[in-house]
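Read-outs: derived from the displayed coordinates by stated rules, not from any lab. As the structure is a prediction and not an experimental result, all values here were calculated from the model. A quick note on method: Cβ atoms are made from the backbone with ideal geometry, for glycine too, and the neighbour counts reach across all protein chains shown.
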Amino acid sequence: KNAVYYLIMIGRVSGILDYVSADHILVDVGGVGYIVYVTQSTLSNLPNLGDRISLFTELVVKEDLLQLVGFITPVEREWYKLLTSVQGVGSKAALALLSQITIQNISRAILLEDSTTITSAQGIGPKIAKRLVVELKGKVPNMIKLQNKSEISLKNGNKELIKKNYEINNQNFF
């Protein structure tokens, strides 16, 4: 009768890249292999097998499933969270959107109410595309600001951010 719910959060996974597939990777963290589903942009930015990797993650919790989803940047993770906040957009659809359409083009499509661009992603039909436009139009400007801040930090040579990412990806986890 009295259900207890716990918030389960894994915000980052760091370890050795052990395996790469078309839509997921295996990260060895201290002898435990974590399967992490990723976007195509994350796949294209992976280090070599056997190298250290650090991904920002979201843990998808369903009745019959625990699934880690990983991203190379925190901006991509925030977009994933925003997309999945829309009813009818699950993890698979959000990953498809982020894999097949750039974040800039998703932003533009939502702001211009261009559902056709959004439906070009596999698994996104006209109803879901329309819902994305309606529900996210007011939230996109804040996401663009977040993205611009990240880009400015990198363009200005934010030594702290670059050093932190280097340390994360090169520390000894064992």
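Across every direction, the projection of the convex hull enclosing the Cα atoms of the range 1-81 has a mean area of 6.3 nm². Compare the Cα positions of Ser107, Pro126, Gly138 along the charge dipole of the range 105-148 (+1 at Cβ of Lys, Arg; -1 at Cβ of Asp, Glu; about the Cα centre) and return the one farthest towards the positive end. Going by the charge dipole, the pick is Gly138. Dipole check for the range 49-89: with +1 at the C-beta of Lys and Arg, -1 at the C-beta of Asp and Glu, and the Cα centre as origin, the magnitude is about 80 Debye.
Placing pseudo-labels 7 Å out from each Cα toward the beta carbon at Ser14 and Lys139 gives an inter-label distance of 2.9 nm. Phi-derived couplings, Karplus 6.51 cos²θ - 1.76 cosθ + 1.60 at θ = phi - 60°, listed residue by residue for the range 103-114: 4, 4, 6, 5, 4, 4, 4, 5, 5, 8, 6, 9 Hz, with x used for Gly and Pro. What you get for the range 35-125, charging only the Cβ of Lys and Arg (+1) and of Asp and Glu (-1), is a dipole of about 100 debye around the Cα centre. With a simple spin-label model that places each label point 7 Å from the Cα along the Cα-to-Cβ direction, the separation between Asp23 and Val61 comes to 2.4 nm.
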